[in-house]
Amino acid sequence: MTDTTSMFIGDWEIESFLPGSVIFHSPKDNEVLLLSRSSQILARVVLKEDNAVILKTEVEINIPVSGGKLIQFLHNNVH
């Protein structure tokens, strides 16, 4: 069983494969936050018209170069 959280923001599809994570969208800045169970910010991404800008990440993020508008938060980075 996969623990997946997903949401659509305009044309963008946002997916998280991290158990217990929460995706939050701030319409003011068009910013997406990935939060842990303890409300720690794991990633901050700003959605633009044709791309996404990663401001912070503690997880692996997949943003395809071509195709649909998709952001995938895959797993925690190993430190």
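Here is the figure for the stretch 36-56: residues that are under 14 Å from residue 76 (Cβ atoms), modelled with pLDDT of 95 or more and surrounded by 15 or more Cβ atoms within 10 Å (Cβ to Cβ) total 2. In this structure, residue 15 qualifies as within 14 Å of residue 4 (Cα to Cα), out of contact with any helix residue (DSSP H, G or I) (no Cβ under 8 Å at 6 or more places or on another chain), part of a strand (DSSP E or B) and at pLDDT 90 or above.
Take the residues of the stretch 69-79 that are touching a residue at least 40 places away in the same chain (Cβ under 8 Å) and of a type outside the set (A, V, I, L, M): which is surrounded by the fewest Cβ atoms within 10 Å (Cβ to Cβ)? Among residues in the stretch 69-79 that are touching a residue at least 40 places away in the same chain (Cβ under 8 Å) and of a type outside the set (A, V, I, L, M), the one surrounded by the fewest Cβ atoms within 10 Å (Cβ to Cβ) is 75. Checked against (1) buried (at least 17 other Cβ atoms within 10 Å of the Cβ); (2) part of a loop (DSSP other than H, G, I, E, B); (3) of a type outside the set (Phe, Trp, Tyr), residue 66 passes all but a single condition, namely (1). Among the residues making up the stretch 11-21, a single one is surrounded by fewer than 13 Cβ atoms within 10 Å (Cβ to Cβ) and closer than 23 Å to residue 49 by Cα: 11. Of all residues in the stretch 15-37, those that are farther than 21 Å from residue 68 by Cα have Cβ atoms under 8 Å from Cβ atoms of residues that are hydrophobic (A, V, I, L, M, F, W, C) and in a loop (DSSP other than H, G, I, E, B), 6 or more apart or on another chain, in 36/18.
Checking residue 1 against (1) within 11 Å of the chain's Cα centre (by Cα); (2) at pLDDT below 90; (3) exposed (fewer than 14 other Cβ atoms within 10 Å of the Cβ); (4) of a type outside the set (D, E, K, R): exactly one of these is not met. Which one? Result: residue 1 fails condition (1) only. The single residue among 24, 8 that is surrounded by 11 or more Cβ atoms within 10 Å (Cβ to Cβ) and aromatic (Phe, Trp, Tyr) turns out to be 24.
The values are calculated or read from the model by the stated rules, or taken from the named source; none is laboratory data. Being a predicted model, the structure only gives us computed values, none of them experimental. In this analysis, Cβ positions are derived from the backbone assuming ideal geometry, glycine residues included, and neighbour counts consider all displayed protein chains.
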